[in-house]
1. Can you list residue pairs whose Cβ atoms sit under 9 Å apart, with the first residue in the stretch 147-165 being farther than 13 Å from A120 by Cβ and the second being open to solvent by 80 Å² or more (accessible area, probe 1.4 Å) and part of a strand (DSSP E or B)? Count only pairs 6 or more apart in sequence or on different chains.
2. Starting from residues that are open to solvent by 90 Å² or more (accessible area, probe 1.4 Å) and either of a type in the set (S, T, Y) or at pLDDT below 95 (or both), keep the ones in the stretch 82-97 and report whichever is nearest to D56 (Cα to Cα).
3. Working only within the stretch 45-66, note down all residues that are within 15 Å of I113 (Cα to Cα) and without any contact (Cβ under 8 Å) to a residue 12 or more places away in the chain.
4. Taking the stretch 7-33, which residues are β-branched (V, I, T), under 20 Å from A57 (Cα atoms) and either open to solvent by 80 Å² or more (accessible area, probe 1.4 Å) or touching a residue at least 24 places away in the same chain (Cβ under 8 Å) (or both)?
5. Please name all residue pairs, on different chains or six or more residues apart, with Cβ atoms under 9 Å, provided the first residue is in the stretch 94-111 and is in contact (Cβ under 8 Å) with a residue 24 or more places away in the chain and within 26 Å of G54 (Cβ to Cβ) and the second residue is charged (D, E, K, R) and open to solvent by 90 Å² or more (accessible area, probe 1.4 Å).
6. For the stretch 47-74, enumerate the residues that are open to solvent by less than 40 Å² (accessible area, probe 1.4 Å) and at pLDDT below 95.
7. Would you confirm whether or not the stretch 91-100 contains a residue that is under 12 Å from the mean Cα position of the chain (by Cα) and outside any loop (DSSP other than H, G, I, E, B)?
8. Restricting to the stretch 113-166, name every residue that is in a loop (DSSP other than H, G, I, E, B) and open to solvent by 50 Å² or more (accessible area, probe 1.4 Å).
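The values are calculated or read from the model by the stated rules, or taken from the named source; none is laboratory data. All values derive from a computational prediction rather than experimental measurement. Using ideal geometry, Cβ is built from the backbone for each residue, glycine included, and neighbour counts are taken over all protein chains shown. With ligands, DNA and RNA removed, areas are computed over all heavy atoms of the protein, side chains included. Shrake-Rupley method; radii C 1.70, N 1.55, O 1.52, S 1.80 Å.
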Amino acid sequence: FTKLSEKMDPQDVLNLLSAYQTLMVDAIFQHKGTVDKFIGDAVMANFGTPRSHGNDAQNAFDCGVLMNQKLDAWNEERQAQGLPVIQHRIGIHFGKCVVGNMGSEQRLEFAVIGDAVNVASRICDACKNFDTNFLISAEMAGRITHELPSEDLPNVGIRGREGSIDLVKISTDPLVG
């Protein structure tokens, strides 16, 4: 969005972001997720908060698949109108977090914090290094089932963390596999 928006009128950027976020939020809600916040052009979602649905990891994964499907359909419409395609990245991890109201008496915000949140963000960033828009942690992969083409990526260094983690690259491209 940064590259695209630098040549756009601010109102057009807002309209573009709103259209994108509407699609993504719909996918999140369809899979019982919670929208934690919008961070510029990013959408942070979590699953299993404020209560678990028993299959939160699967819901998060299925949401990521639907997000890519929605983006592909939207990009087909955009191309037909002569508009540039939009790209995004999805990173999913599973782990314990603290959930609740945080801040001060003057300003409280419902938030989800913890190492799992930070790792998910770093996994999303790592998509750039693996020519993909969809990565999950091996921890996450062990909690779900799917039949999509995937590739194990062992011992990946994550910025700001000691050691490495194992990732799984997921393909939702209908032409792959």
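1. These pairs meet every condition: G163/N155; S164/P154; S164/N155.
2. In the first step, residues of the stretch 82-97 are kept if they are open to solvent by 90 Å² or more (accessible area, probe 1.4 Å); the result is 87, 89, 96.
This time we only want the ones that are either of a type in the set (S, T, Y) or at pLDDT below 95 (or both), so: 87, 96.
Working: Q87: 25, K96: 12 Å.
Of everything passing the filter in the stretch 82-97, K96 is nearest to D56 (Cα to Cα).
3. Filtering the stretch 45-66 down to residues within 15 Å of I113 (Cα to Cα) leaves 45-50.
G48 - this is the single residue of the stretch 45-66 that is within 15 Å of I113 (Cα to Cα) and without any contact (Cβ under 8 Å) to a residue 12 or more places away in the chain.
4. Of the residues in the stretch 7-33, the ones β-branched (V, I, T) are 13, 22, 25, 28.
Filter once more, so that each one left must be under 20 Å from A57 (Cα atoms): 25, 28.
The answer is I28, and nothing else.
5. F94/R143
6. Selection gives G48, T49.
7. The initial filter retains those residues of the stretch 91-100 that are under 12 Å from the mean Cα position of the chain (by Cα), namely 91-93.
Filter once more, keeping what is outside any loop (DSSP other than H, G, I, E, B): 91-92.
Looking through the stretch 91-100, at least one residue is under 12 Å from the mean Cα position of the chain (by Cα) and outside any loop (DSSP other than H, G, I, E, B).
8. Quick first cut of the stretch 113-166, residues in a loop (DSSP other than H, G, I, E, B) only: 114, 131-133, 142-149, 158-163.
D131, G142, R143, T145, H146, E147, L148, R159, G160, R161, E162, G163, listed by residue number.
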